[in-house]
Amino acid sequence: TTGMGGPMMDFAVRELRHVVDGDLVMVRLGSCGGLSPEAVPGAVVANTPGSVRIARNFDATFEDESDANYVISQRRAAPDVALAQRLAAELARDCDVVYGLNASADSFYDAQGRVDANFRDCNGNVLERLRARGVASVEMESFYLLHLAAHGTRIRAATCAIVAANRG
C-alpha cells in the first residue's frame, strides 16, 4: 500500500526504485469513483488508456464555476501497454471490467467535484468536464504512478481500481 494521494505515491515509487535492483514492475489495484455509466459499484476500471490529472488552481479567484478553477492535464500518463492489457485480461476472468481513462485528483473533495457548502470551491462543473474528456474513473494515485514510471529508470506500471460508487 502507498497511502492516499500523489505525494504518497511519489514517495513509494522513488523509495522502491532505490531499493529494487533491476526492473521495477508496479501495479496499482485501488478504489475509485465511477464516472462512466458502465463504471458501477463492484466493476473494475482498467486504465488501459492511462490517466490525466486534475488539480485545484491556486491562482484562480473561485468567484464562479470557471474552468480556470481546476486544471486538467492535457497530456495523459500512459501505462506499459503489455502490462496493462495483461492485467485487464486477467481481471476479466473473474470481474466485470470496464476499460477507460482515469483522472487522478490532487484532493479527495474539491478536485473530485464534491460540493461542500462550507467552502467556496466553485467546482460544480468538474465531473462534467472530466466526462467530456472521456474519463471513466476518478481517484488520487494512478496518474502519479504512471507518470513516474514513464520518467523513471526501468519502471513499468499499470493501474486499475474497483468502483466504490458511481458519481453519475
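The values are calculated or read from the model by the stated rules, or taken from the named source; none is laboratory data. Remember, predicted model here, so these are calculated numbers, not experimental data. As a convention, Cβ positions derive from the backbone with ideal geometry for all residues, glycine included, and neighbour counts pool all protein chains shown. Just so you know, the surface numbers come from the protein's heavy atoms only, side chains and all, with ligands and any DNA or RNA stripped out. Shrake-Rupley method; radii C 1.70, N 1.55, O 1.52, S 1.80 Å.
Checking residue 159 against (1) open to solvent by 20 Å² or more (accessible area, probe 1.4 Å); (2) in contact with a helix residue (DSSP H, G or I) (Cβ under 8 Å, 6 or more places away or on another chain); (3) β-branched (Val, Ile, Thr): exactly one of these is not met. Which one?
In the conditions (1) open to solvent by 20 Å² or more (accessible area, probe 1.4 Å); (2) in contact with a helix residue (DSSP H, G or I) (Cβ under 8 Å, 6 or more places away or on another chain); (3) β-branched (Val, Ile, Thr), residue 159 misses (1) alone.
Can you find a residue that is within 14 Å of the chain's Cα centre (by Cα) and within 14 Å of residue 44 (Cα to Cα) anywhere in the range 104-124?
Scanning the range 104-124, I find no residue that is within 14 Å of the chain's Cα centre (by Cα) and within 14 Å of residue 44 (Cα to Cα), so the answer is no.
Given the criterion of a type in the set (Asp, Glu) and free of Cβ contacts under 8 Å to residues at least 12 places away in the same chain, identify the matching residue among 94, 80, 106.
94
Please indicate, with yes or no, whether at least one residue in the range 88-95 is among the hydrophobic types (A, V, I, L, M, F, W, C) and in contact with a helix residue (DSSP H, G or I) (Cβ under 7 Å, 6 or more places away or on another chain).
The answer is no, given that none of the residues of the range 88-95 is among the hydrophobic types (A, V, I, L, M, F, W, C) and in contact with a helix residue (DSSP H, G or I) (Cβ under 7 Å, 6 or more places away or on another chain).
Looking only at the range 120-157, which residues are under 26 Å from residue 80 (Cβ atoms) and in a helix (DSSP H, G or I)?
The answer is 130, 142, 143, 144, 145, 146, 147, 148, 149, 150, 151.
Report whether or not residue 133 is at pLDDT 95 or above, surrounded by fewer than 18 Cβ atoms within 10 Å (Cβ to Cβ) and within 17 Å of the chain's Cα centre (by Cα).
When the stated conditions are applied, residue 133 passes them.
Are there strands (runs of 3 or more DSSP E) fully within the range 7-119 with at least 1 residues that are among the charged types (D, E, K, R), surrounded by 13 or more Cβ atoms within 10 Å (Cβ to Cβ) and at pLDDT 95 or above? List them.
24-34, 51-56
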